[in-house]
1. Hey, can you tell me all the residues within segment 176-220 that are within 19 Å of Ser294 (Cβ to Cβ), surrounded by fewer than 23 Cβ atoms within 10 Å (Cβ to Cβ) and touching a Cys at 6+ places or on another chain (Cβ under 9 Å)?
2. So, in segment 75-97, of the ones that are out of contact with any Phe, Trp or Tyr (no Cβ under 7 Å at 6 or more places or on another chain) and among the hydrophobic types (A, V, I, L, M, F, W, C), which residue ends up nearest to Arg283 (Cα to Cα)?
3. I'm trying to understand the selection: among the residues of segment 124-140, which are of a type in the set (Lys, Arg) and free of Cβ contacts under 8 Å to residues at least 12 places away in the same chain?
4. Need the failing condition index for Ile374 against (1) under 14 Å from the mean Cα position of the chain (by Cα); (2) among the β-branched types (Val, Ile, Thr); (3) at pLDDT 85 or above, just the number.
5. Return yes or no: is Glu58 exposed (fewer than 15 other Cβ atoms within 10 Å of the Cβ) and at pLDDT 90 or above?
6. Within segment 171-194, track down each residue that is more than 28 Å from His135 (Cβ to Cβ) and without any contact (Cβ under 8 Å) to a residue 24 or more places away in the chain.
7. Examine segment 255-276 for a residue that is free of Cβ contacts under 8 Å to residues at least 24 places away in the same chain and either assigned by TED's automatic domain parsing to the domain that holds Asp220 or hydrophobic (A, V, I, L, M, F, W, C) (or both), and state whether such a residue exists.
8. Counting only residues that are at pLDDT below 95, give me the helices (runs of 4 or more DSSP H) lying completely in segment 103-185 with at least 3 of them.
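The values are calculated or read from the model by the stated rules, or taken from the named source; none is laboratory data. Not measured: the values here are computed from a predicted model. Note that each Cβ is placed from the backbone with ideal geometry, even for glycine, and that neighbours are counted across all protein chains shown.
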Amino acid sequence: MGLKYWIPLALAIGVSFPASPADAQSPWDRQKGNCESVFASYQQAGLPELKYCMGLWEAYKDVGSLDDAGRAAMAPVFRRLYGEGDAETRFMAKNALSRLGFTPRAEDEKKLEAEKRLKDQPKRKRYRPHRASKHDRKAAKRIRAKAFSLYRKGDYDGALGLLAQALDLDPGNVQVLYDSACCYALIGRKSDASEYLQRLADIGTKPALKKLRRARTDKDFQGMRDDPGYKRTSGYARIKVLNGMPADDQELGEDNVYVLVELLSDPKLAYRVEDGGKDKHARDRPHIWYKEPSKLQAYVIRKLLGNPRTRLVPIDWDSKFDIIVSWADSVVVDEYGERKSRYTLTGGKLDPEKQLDQALKDQNDALSKPDQYISKADKVINSADASLNKVESVGSKVESTTRKVKGVVDKVKGMF
């Protein structure tokens, strides 16, 4: 096929050819839309919007014209996309960084390697104990009483020996499983302690899940508060709540922060919560930052807030907190001229008590069905704002067009 046929085809799907003297604008300048402002505020932008603009950047931007300062300014944008995005986003971001002469951050590479190793490990078999006979349950209860006596004397190894006998008789005994986790924690065998807590999560009954919440405040687990396995299994999280409202609406924020701290501190949820005061940045919607072991609990809190625009963002700095919540919302004015937040926790559309009951159910599901909740949380994190601004679908179209563009350009180049 001759070049005269390829050029109309390329134009039909949006390929940009070098500008003529009459049209000095670069392809990037013609196609970028508001992407430069999106890049400038990349820390606040949603991932789909950033990904969309990265697709345009990769298709149209000639990075050879950038000086060192311009290259350095763009590197954090693509590093964020690499650290927080899905596999496709990471691939594109790594290419974008390479074109600028940069690489992903070492900590992001290590995190992805750790996730890959975890994914490649044989999947843990769910604990499914058979129901014991009435006789065996009574016998296990007597043995547990002897084990508890040794536990109170500080003989944790001796107690574990008896607890193992009790579990041979009654493998689904919630109290014996919890006692075993306590003893393993006290002798420093953290992975074994987390395994026995996980067995309670596998059982998933209300008494079993109640024990998991107790493990968050039980002094026996004091030495495990920073252990990722313990946090992931028990749902333990140190949480800080901030007021992210602008100066003119700080009072609205204070009311909602107060209610949120009360809800999260409720014994039903059993989180460790601190009111952190005013956020140093004003925000127009809630933000939840989280460490990886607390991802599921961050997702539970997102549902508790009831605001579909809530952003979930990984913590990529050193913090003593596992979850940081900045409460903020858009403000509406009612018919009486009173300013109100759209998704307030202090009345209106959201009932705090109902929110709390639903959060407890969500928390139980997150503890007993972690794989399902991981999938839901990842979907929310990777498609933030998609339901509101449809950026993700536009980004997909851009990526599809980009692939077509590259294919046509390659064919055109091959004819010269």
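1. Asp218 - this is the single residue of segment 176-220 that is within 19 Å of Ser294 (Cβ to Cβ), surrounded by fewer than 23 Cβ atoms within 10 Å (Cβ to Cβ) and touching a Cys at 6+ places or on another chain (Cβ under 9 Å).
2. In this case the residue turns out to be Leu81.
3. We begin by selecting, within segment 124-140, every residue of a type in the set (Lys, Arg); these are 124-126, 128, 131, 134, 137-138.
Result: Lys125, Lys134, Lys138.
4. (3)
5. Numbers: exposed (fewer than 15 other Cβ atoms within 10 Å of the Cβ): no; at pLDDT 90 or above: yes.
Considered against the rule, which asks whether it is exposed (fewer than 15 other Cβ atoms within 10 Å of the Cβ) and at pLDDT 90 or above, Glu58 comes out as no.
6. Passing the criteria: Arg189, Asp192.
7. Yes, segment 255-276 contains a residue that is free of Cβ contacts under 8 Å to residues at least 24 places away in the same chain and either assigned by TED's automatic domain parsing to the domain that holds Asp220 or hydrophobic (A, V, I, L, M, F, W, C) (or both).
8. So the answer is 106-120.
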